[in-house]
Structure formats: structure tokens, C-alpha cells
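S.K.: Please read through the structure below; I'll follow up with questions.
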Amino acid sequence: MMTRQLPLPRRKLPIGIQTFREIREDNCYYVDKSGMAVDLVQTGKAYFLSRPRRFGKSLFLDTLKELFEGNRALFTGLAAEPLWDWQIQYPVVRISFGAGVVNSREGLNQILHQQLSHYEKRWALPGEFPDMRSRFLDLIERTHAQTGQRVVVLVDAYDKPILDNIDNSAVALEMREGLKDFYSVLKDSDAHLKFVFLTGVSKFSKVSLFSGLNHLKDITIDARYSDLCGYTDADVDTVFAPELPGLDRDLIRQWYNGYNWLGTPVYNPFGLLKLFDTRQILDHWFETGTPTFLIKLLQQRQVFTPELSHIVASSELLSTFDVDNIPVEALMFQAGYLTIDTVWTTPGQMEFTLKYPNLEVQSALNRSLLQSLTGSLSVPGPQVGKLYRMLQAQDFAGLQALFHAFYASIANDWYRKNELAGYEGYYASIFYSYFAALGLELRLEDPTNVGRIDMTLLFNGQVFLFEFKVVEMNPKGSALQQIKTQAYADKYRSRGEPIHLIGVEFSKASRNIVGFEVETMTCKE
């Protein structure tokens, strides 16, 4: 007689909880990262990790804190329990800039004063110096002397005071210089330090903020620690198994998985936990922070938005970030809007091809881009829904009318004020972003044995092949003709699905679509 297996009990979802003790004591789901924490301590001393916002960085730092303070009861049954020497407790200084916004040097000093004062009182070591750098240095040295143990320093959101002011370069530079002076203590105090770990969103240039932190081991792009923060597919299927019934597992994977730093791809923890709470596929991570600065930068630099899904960048470029030098590739990668797809290596060099990590980011970012490209917050939303329904119905006449009406709705005043509308890729960028905003499977610059298809859409058992042309630069009718002449459809014939060949032609003079030709091939053709 077979024994019926009882379902695993559900636990509390740790949404927004960054305290390791609370998660362990309140019966929350927990993905065990403690073994990786022990490995870091045993194999090195000073580390830096960059990850996007809401990725579990603060929780990992709190895990390290509890580990060094010797709170064994919290690690019962976890990987770290048999690996750690629980007889020794180390003094831990944790500095965090995660709360609030600092917009002056005085505000920065006030935050540092509050946090240093906490530890000075804890160990009865009154501050003896007026400046923050000297106080920090003195605190570390005297704590070591008093406790007999070297100090552990954990810094959370090390870059936030700079990023909060990134659109005001004068203030951002002031923040950078203040933090650079403060963090230089970590190198000067090496003899008094047991372990150092800094986290943040960005990796600033080695010649600026990091010039005083060049002793840190950067584990941001390291296959061994790709899943140090975040949840893997295996975590979802085991730890969170009680939450999966009633949800589409493949859709969860497509919509939320995919962040990658050369190793195991991961889900953003906050987004996944919100999904399990609401039971709805929504932009859970994206909506926690509007990328206004990024959108503005993309517009100013006239970035061709279809290329965002396959940007190529060197490892040096992805680490080149400073107040007055912000490559789009580095900003999007560090902030979590792009992730590593493939890597090409040669001695001394790594070259990455980047992509959207998942459909959530692709969809939500392109909706934001549409609002910027069109100068309207209200127009794109309803149009995206109409586009989806017309694709389902294969209503190509309606599709042409929809895009024609949309381009016509963009105010002349917006064109006059924005240089972006004058470049050739602008019209195709809008067209692409509409489809990308649907969260469907798109392939840009789709390679064939004779050329590249501008855009391929696989949807609802159908294949849609798009070619874009500007009539001022190409003969009328050349868009559809190129698809046919190059036999682009051959690549997809084996799927046995209808293939729609769609040539779209724009005019810079009329600022609209002037050609929209469609031919459909059945699988027998």
C-alpha cells in the first residue's frame, strides 16, 4: 500500500526582512548561504561585491555579523554549523547607508557620527578625534586592544550617498571624496582587522573611490559566487516548493530568473517573494525603483534600444563607472537591467555579451523607454494591450493602423525639443520597445546563413519576421522584398508554424509609417 506524501508546510515569506536572526527565529523561508560565508572567511580577508538593489546584500552581511559574533543557535542545521569555530567571538562594526538620502557633506558626516557613536558607546571607547576618518581608525585600533580580537568591518550600500546624487555631479563628487577618505581607513588598519566586506550597487573606478580600496578582492563577476545573493532554480524547487502549486513554473522561470555573473543564474529574492505573496506575474522588482536617470541617459546618448538586448562590453568597461564617466553598459549591468549572456576570453581580456535578465526587466524597462521616447506617460500603456490582442487575432491591418495612430499622436513640440527624433533608429526603437513591453520572446538581429533578420517574434504558435527601412534611404517596398530575397523564413520552416513576413517602412519627413506590407507563408510553402 502506497503512503500518501503530505505537502510540505508553508512558512512565512521574509519580504523586506534583512535581519538573519528574525528570519531564523520567526519560521521564515531561508536559502542557506552560510556555507559560502564560511568559505569566504577561510579563503580571504577583504572583499567587495556589487549586486543590484533588493538582492539580499544586507541579509548576507547580517549573516556574516551573526557568524562572527558566535551566535551558534541561529545556525543550527545550516551548512556553517559544523565548519565554524564557535569558541571565538569577534567584534563587528557594521556601517550602513541604506536608510534615507544624504545630499550634503554635513549630512554624510552626521550619519557617520551616529554610527561610530553607537560602537564607541558599546565598547565604552569615547571618540577622541573630531574628524570621521580619525575616529574610525581609532575605534578599530582600540577595539582590537580592548577585546583581544581583530575587528570585522561590514559596509552596506557603500556607494548610496553618491548614487543618490548622481544627477548632481558637484554633490556626488563631494560624497565620493568624503567616502574615499573614510574608507581609506580599511587599508591603513589592516593589522587590526580580521575580515572586511563591502557591498553596493556600483563599482566605482579604481582611480577614484576605489583608489584607497585596491586591497579588496572583487567577487562581483566570479562563477564561484554568482549565487551568493539571489535564489537559484534548485532553491525555488526545494526551499519554496510549498509556494509553487497553482503557479506556472515555466512562466516564473521566464519572467524572473536569469541574473548571471558567470555562474549559476539566479532570481531576484524580493521579486520572487512578492510573486509568492500576490500569486500574480507583475513587475515586482522593477517597480521598487524607477530608473529615471538611466532613461534620461539613454535618451541623451541616442541609444538604439533594440541593441540593449545584445550589447557587447569588456570587463574593464563594466567596471568603469564614476561621477563624470558613466558608460551606459556599466550602469545598466550594475543596476540589474542587463546581465551576462555569453563570455569570450583570451589571456588578459574578457568580453561579455549582455542581455535582459528576464521578461520582467525587458517588459518594464521598455514601457519606461516608450514613455521617454514619446514624451507621454499615458499614451503607451493602453496601446500595448491593443497590440497584444491584435497579434492574437493576426489583425495586420489593425496593427498598421495602431502604429500609424501612435506615431501621429506624438506631439510636434516633443520632436522640436528632442534631438533623439532626428536619428534613423528612433522609429525602429519605438516599434521594438512596444513589442518588448509585451514580455514576449523577441530575437533582435536574428542571424541566418545569408544575413540578419531585424526582429523575430515567436508568439501563439506563429512566427513573425520584421524588416525595417527608412524610405528616404531605401526604395519603397524594399523592406518586404529583402525578407523574401534573403529567404529569411527558411530558418523557421522546420517549426511547422505559419510565418508572417512583415516589411515596415518609415519616413523621417512625415514622422510616421508609410509602408506596412505583409505576406503569410503556411508550413507547406
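S.K.: Suppose we filter Gln383, Gln392 for residues that are over 30 Å from Lys203 (Cα atoms), surrounded by 14 or more Cβ atoms within 10 Å (Cβ to Cβ) and not aliphatic (A, V, I, L, M); which single one remains?
M.R.: Details: Gln392 fails: surrounded by 14 or more Cβ atoms within 10 Å (Cβ to Cβ).
From the options Gln383, Gln392, the qualifying one is Gln383.
S.K.: Moving to a separate point now. Do we have any residue at all in the stretch 208-226 that's under 15 Å from the mean Cα position of the chain (by Cα) and free of Cβ contacts under 8 Å to residues at least 60 places away in the same chain? Reasoning before the result, please.
M.R.: So in the stretch 208-226, the residues under 15 Å from the mean Cα position of the chain (by Cα) come out as 220-221, 226.
With the extra rule that they be free of Cβ contacts under 8 Å to residues at least 60 places away in the same chain, the set shrinks to 226.
Yes, the stretch 208-226 contains at least one residue that is under 15 Å from the mean Cα position of the chain (by Cα) and free of Cβ contacts under 8 Å to residues at least 60 places away in the same chain.
S.K.: Name the single residue, out of those in the stretch 349-360 being over 18 Å from Ala437 (Cα atoms) and buried (at least 21 other Cβ atoms within 10 Å of the Cβ), that is nearest to the chain's Cα centre (by Cα).
M.R.: Out of the qualifying residues, it is Leu354.
S.K.: Go through Glu472, Glu497, Glu519, Glu467 for me and flag whichever is part of a loop (DSSP other than H, G, I, E, B) and modelled with pLDDT of 90 or more. If you could, list the steps in order and put the result at the bottom.
M.R.: Details: Glu472 fails: modelled with pLDDT of 90 or more; Glu519 fails: part of a loop (DSSP other than H, G, I, E, B); Glu467 fails: part of a loop (DSSP other than H, G, I, E, B).
It is Glu497.
S.K.: What number of residues in the stretch 186-209 are assigned to a helix (DSSP H, G or I), buried (at least 20 other Cβ atoms within 10 Å of the Cβ) and either out of contact with any helix residue (DSSP H, G or I) (no Cβ under 6 Å at 6 or more places or on another chain) or modelled with pLDDT of 95 or more (or both)?
M.R.: Start the filter on the stretch 186-209 by keeping residues that are assigned to a helix (DSSP H, G or I), which leaves 186-188, 190-192, 209.
Subset that is buried (at least 20 other Cβ atoms within 10 Å of the Cβ): 186, 209.
Cutting the leftovers down to either out of contact with any helix residue (DSSP H, G or I) (no Cβ under 6 Å at 6 or more places or on another chain) or modelled with pLDDT of 95 or more (or both) gives us 186.
Number of matching residues: 1.
S.K.: Follow-up. Scan (1) within 25 Å of Asp62 (Cβ to Cβ); (2) of a type in the set (D, E, K, R); (3) in contact (Cβ under 8 Å) with a residue 60 or more places away in the chain for the single condition Arg105 breaks and write down its number.
M.R.: All conditions pass for Arg105, except number (1).
S.K.: For the stretch 4-30, name all the residues that are charged (D, E, K, R), free of Cβ contacts under 8 Å to residues at least 60 places away in the same chain and part of a loop (DSSP other than H, G, I, E, B).
M.R.: Of all residues in the stretch 4-30, those charged (D, E, K, R) come to 4, 10-12, 21-22, 24-26.
Imposing the further condition that a residue be free of Cβ contacts under 8 Å to residues at least 60 places away in the same chain reduces the set to 4, 12, 21-22, 24-26.
Those that are charged (D, E, K, R), free of Cβ contacts under 8 Å to residues at least 60 places away in the same chain and part of a loop (DSSP other than H, G, I, E, B): Arg4, Asp26.
S.K.: Let me ask you something else. Given Thr346, Thr342, which one is more than 18 Å from the chain's Cα centre (by Cα) and either crowded, with 20+ Cβ neighbours inside 10 Å or without any contact (Cβ under 8 Å) to a residue 40 or more places away in the chain (or both)?
M.R.: Working: Thr342 fails: more than 18 Å from the chain's Cα centre (by Cα).
So the residue among Thr346, Thr342 that is more than 18 Å from the chain's Cα centre (by Cα) and either crowded, with 20+ Cβ neighbours inside 10 Å or without any contact (Cβ under 8 Å) to a residue 40 or more places away in the chain (or both) is Thr346.
S.K.: On to the next question. Filter the stretch 217-237 down to the residues that are surrounded by fewer than 20 Cβ atoms within 10 Å (Cβ to Cβ) and in contact with a strand residue (DSSP E or B) (Cβ under 6 Å, 6 or more places away or on another chain), then identify the one that is modelled with the highest pLDDT.
M.R.: Step by step, filter the stretch 217-237, then rank; the result is Thr232.
To keep it simple, each residue is scored yes or no on (1) among the acidic types (Asp, Glu); (2) within 26 Å of Ala335 (Cβ to Cβ).
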{"site": "Asp26", "(1), (2)": "yes, no"}
{"site": "Ala37", "(1), (2)": "no, yes"}
{"site": "Gln42", "(1), (2)": "no, no"}
{"site": "Arg54", "(1), (2)": "no, yes"}
{"site": "Ser58", "(1), (2)": "no, yes"}
{"site": "Asp62", "(1), (2)": "yes, yes"}
{"site": "Gly70", "(1), (2)": "no, no"}
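Residue-wise test of (1) crowded, with 17+ Cβ neighbours inside 10 Å; (2) within 27 Å of Asp237 (Cβ to Cβ); (3) among the basic types (Lys, Arg).
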{"residue": "Pro9", "(1), (2), (3)": "no, yes, no"}
{"residue": "Ile15", "(1), (2), (3)": "no, yes, no"}
{"residue": "Gln18", "(1), (2), (3)": "yes, yes, no"}
{"residue": "Arg72", "(1), (2), (3)": "no, no, yes"}
{"residue": "Leu78", "(1), (2), (3)": "yes, yes, no"}
{"residue": "Gln89", "(1), (2), (3)": "no, no, no"}
{"residue": "Leu108", "(1), (2), (3)": "yes, no, no"}
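S.K.: Here's another thing I want to ask about it. Could you identify the single residue in Lys217, Lys187, Lys160, Lys180 that is among the basic types (Lys, Arg) and closer than 12 Å to Phe48 by Cβ? Step through it out loud before you land on a result.
M.R.: Numbers: Lys187 fails: closer than 12 Å to Phe48 by Cβ; Lys160 fails: closer than 12 Å to Phe48 by Cβ; Lys180 fails: closer than 12 Å to Phe48 by Cβ.
Every option except Lys217 fails the conditions.
S.K.: While we're on this one: May I ask you to say which residue of Lys65, Lys45, Lys33 is under 20 Å from Leu272 (Cβ atoms) and in contact (Cβ under 8 Å) with a residue 40 or more places away in the chain?
M.R.: After ruling out the rest, the residue left standing is Lys33.
S.K.: Restricting to the stretch 344-396, name every residue that is of a type in the set (D, E, K, R) and not in a strand (DSSP E or B).
M.R.: In the first step, residues of the stretch 344-396 are kept if they are of a type in the set (D, E, K, R); the result is 351, 355, 360, 367, 386, 389, 395.
Within the stretch 344-396, Glu360, Arg367, Lys386, Arg389, Asp395 qualify.
S.K.: Taking into account only those residues within the stretch 484-494 that are in a helix (DSSP H, G or I) and over 35 Å from the mean Cα position of the chain (by Cα), which is nearest to Val514 (Cα to Cα)? If you could, list the steps in order and put the result at the bottom.
M.R.: Step one: list which residues in the stretch 484-494 are in a helix (DSSP H, G or I), which gives 484-485, 488-494.
Restricting the remaining residues to those that are over 35 Å from the mean Cα position of the chain (by Cα) gives 484-485, 490, 493-494.
On the way: Lys484: 20, Thr485: 21, Asp490: 27, Arg493: 29, Ser494: 33 Å.
Checked the stretch 484-494; the qualifying residue nearest to Val514 (Cα to Cα) is Lys484.
S.K.: If you check Ala401, Ala411, which single one turns out to be among the small types (Gly, Ala, Ser) and modelled with pLDDT of 80 or more? Steps first, answer last, please.
M.R.: Values: Ala411 fails: modelled with pLDDT of 80 or more.
Residue meeting the stated conditions: Ala401.
S.K.: Tell me which helices (runs of 4 or more DSSP H) are completely within the stretch 225-304 and hold 2 or more residues being touching a His at 6+ places or on another chain (Cβ under 8 Å) and within 30 Å of Gly35 (Cα to Cα), or say none if there are none.
M.R.: On the way: elements: 233-238, 249-256, 269-278, 292-300.
Because the criterion is at least 2 residues that are touching a His at 6+ places or on another chain (Cβ under 8 Å) and within 30 Å of Gly35 (Cα to Cα), the helices (runs of 4 or more DSSP H) in the stretch 225-304 that meet it are 269-278.
S.K.: Same structure, new question: So which residues in the stretch 129-179 are surrounded by fewer than 16 Cβ atoms within 10 Å (Cβ to Cβ), over 32 Å from the mean Cα position of the chain (by Cα) and without any contact (Cβ under 8 Å) to a residue 40 or more places away in the chain?
M.R.: Passing the criteria: Phe129, Pro130, Asp131, Ser134, Ala145, Gln146, Gly148.
The values are calculated or read from the model by the stated rules, or taken from the named source; none is laboratory data. Only a predicted model underlies this, so the values are computations on that prediction, with no experimental measurement involved. So basically every Cβ, Gly included, is an ideal-geometry build from the backbone, and we count neighbours across all protein chains shown.
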